[in-house]
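Remarks on the structure that follows.
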Amino acid sequence: MTPRQAVRRPGHDDAARAEELSRRFAELYGHAPDGVWRAPGRVNLIGEHTDYNEGLVLPFAIDRSAMAAVRLRRDPGPAPEHGQEHGPGHGEEREPAGHDVVDLASTWAPDGSGLSRARFRIPQLRPGTVPGWGAYPAGVVHVLDGLDGVEVPGFELLLDSTVPVGAGLSSSHAVEVATVVALNDLLGLGLDRPEMARLTQRAENEFVGAPTGIMDQSASLRARAGAALFLDCRSLEAELVPLPVAEHGLTVLVIDTKVAHSHADGGYGARRASCERGAAALGAATLRDVPDGADLGVLDEETARRVRHVRSENRRVLETVTRLRAGDVRGIGTLLTASHTSLRDDFEVSCPELDLAVDTALAAGAVGARMTGGGFGGSAIALVPAARADRVRDVVTEAFAAAGLRAPDVFAVAPGEGAGRVR
Ligand code: GLA
């Protein structure tokens with residue numbers, strides 16, 4: 001057996017990464033970018049499948065992020081006047097490509113290939129016209145360009161990301177958020193963070209075609225280091241709740257099962273539809289409006305379980321926040337595990353790999369564990385005593401091997417800083 005590395009967080013030096021990205025940008029496009037922006041992925045501590053039911057969530061930003069170097073195309077200036085060889089704007093600032101062309105390049109391609117590129121003209125942008133990862137920045141352009149009084153000019157963008165793809169850690173939302181914060185700054189749009197969250201959600205729903213809620217973008221945009229974001233997905237009111245995991249001798253481990261999921265596939269949408277049917281049958285606009293004593297007996301058995309999950313999950317979020325406010329970090333463990341049970345049995349979005357990760361982490365000493373994100377694959381999280389982190393990682397890895405499954409990726413995460421400009 002090869003010696004194992006201790007579980008620790010990857011040390012990402014954002015400034016050095018941004019400098020390297022700028023260098024590669026200059027190499028690729030022949031000039032420096034206007035700036036570099038970063039947007040983190042997220043882990044949802046608790047509050048799953050509640051966001052699109054106007055419920056409560058408690059995610060935090062992780063120290064893995066997408067980074068985008070961006071340069072707006074310069075206005076080519078008016079055409080040369082008669083007899084004038086070189087009109088204003090001629091020279092370095094003059095772009096040969098149309099002013100409405102967007103050039104995208106990424107060192108981050110879901111298939112792991114090298115530099116992947118996409119190019120489109122903004123007026124021709126429609127859902128379905130940009131395939132693959134390019135749909136995320138393109139969706140943001142599409143939504144911003146449709147705002148009253150906003151005309152997005154062409155630009156060049158080079159992307160990289162340390163958020164693993166398909167792991168349920170919001171790699172795609174990180175790309176959307178990096179794009180929106182960059183364009184908001186460069187175009188002086190003055191959008192606030194909740195507005196940017198709404199717009200990137202629209203990009204995801206209307207352009208990418210995934211019927212997801214607003215949690216992931218909000219976490220990337222509004223979370224802060226050392227805290228979880230307690231968000232009311234109805235009002236978008238938020239509170240930063242301190243999450244001093246390390247100070248309490250604990251670590252949050254992510255267990256990426258390597259089972260890929262997609263929210264554009266049927267399962268996620270089917271759960272959402274089921275919640276909407278349940279609310280309608282109970283005479284409510286959303287599940288948030290269903291009163292506590294409501295009789296779920298009028299629903300069919302499956303819909304009743306879906307509704308029961310969402311309502312009990314909202315209560316667990318409130319209880320988690322209460323315990324964290326009281327400084328009882330260890331005490332949230334049982335709530336995390338109860339959330340998993342509810343997602344597995346009532347909402348039915350877990351899978352055997354996620355259940356195995358949760359069960360073995362708990363057996364090896366985790367104080368709580370659950371799947372995180374939309375489910376059907378992706379990652380679980382385990383709250384573990386720091387001294388047992390390596391042991392938990394080993395036991396989970398061995399259990400996957402014994403079950404003949406692909407080795408999971410197990411790593412620690414800490415609540416990191418939300419999106420912003422790096423240089
Ligand atoms: C995905 C979606 C979120 C949320 C979660 C489930 O991550 O993008 O909006 O619905 O699933 O809680």
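Of note:
- At a probe radius of 1.4 angstrom, the accessible area of the chain per residue rounds to 41 square angstrom.
- Calculated Rg and Dmax of the range 244-413 using C-alpha coordinates, Å: 17.2, 50
- Rolling a 1.4 Å probe over the protein chains gives E237 an accessible area of about 130 Å².
- Here the Kirkwood formula puts the hydrodynamic radius of the range 95-238 at 15.7 Å, using every distinct Cα pair.
- Accessible surface of the range 244-413, 1.4 Å probe, proportion on carbon and sulfur as whole %: 51
- Coarse-grained scattering of the chain at q = 0.07, 0.14 Å⁻¹, given as base-10 log I(q)/I(0) from a Debye sum over alpha-carbon atoms: -0.35, -1.25
- Rg and Dmax, both from the Cα atoms of the range 184-246 and both in Å, are 13.2, 40.
- Descending Cα extents along the principal axes, the range 317-423, whole Å: 40, 40, 29
- The range 120-162 versus the range 284-313: alpha-carbon centroid distance in Å: 38
- Note, ³J(HN,Hα) from phi for the range 14-20, Karplus 6.51, -1.76, 1.60, rounded to Hz, x at Gly and Pro: 4, 5, 5, 5, 5, 5, 5
- Computed from backbone phi with θ = phi - 60° and the Karplus coefficients 6.51, -1.76 and 1.60, the 3J(HN,Hα) list for the range 404-412 is x, 9, 4, 5, x, 9, 10, 8, 8 Hz; x is used for glycine and proline.
- Order by protection proxy (mean Cβ within 10 Å, highest first), peptides 288-294, 241-247, 346-352: 346-352, 241-247, 288-294
- In the chain, Cα pairs under 8 Å separated by at least six residues give a relative contact order of 23 percent.
- Unit charges at the beta carbon, dipole of the chain: most positive-side option, F400, H142, V102: F400
- Protection proxy ranking, peptides 145-155, 353-363, average beta carbon neighbours within 10 Å, highest first: 353-363, 145-155
The values are calculated or read from the model by the stated rules, or taken from the named source; none is laboratory data. Quick caveat, the model's predicted, so the values are computed rather than measured. Note that each Cβ is placed from the backbone with ideal geometry, even for glycine, and that neighbours are counted across all protein chains shown. Ligands, DNA and RNA are excluded from the accessible area calculation, which covers all protein heavy atoms including side chains. Shrake-Rupley method; radii C 1.70, N 1.55, O 1.52, S 1.80 Å.
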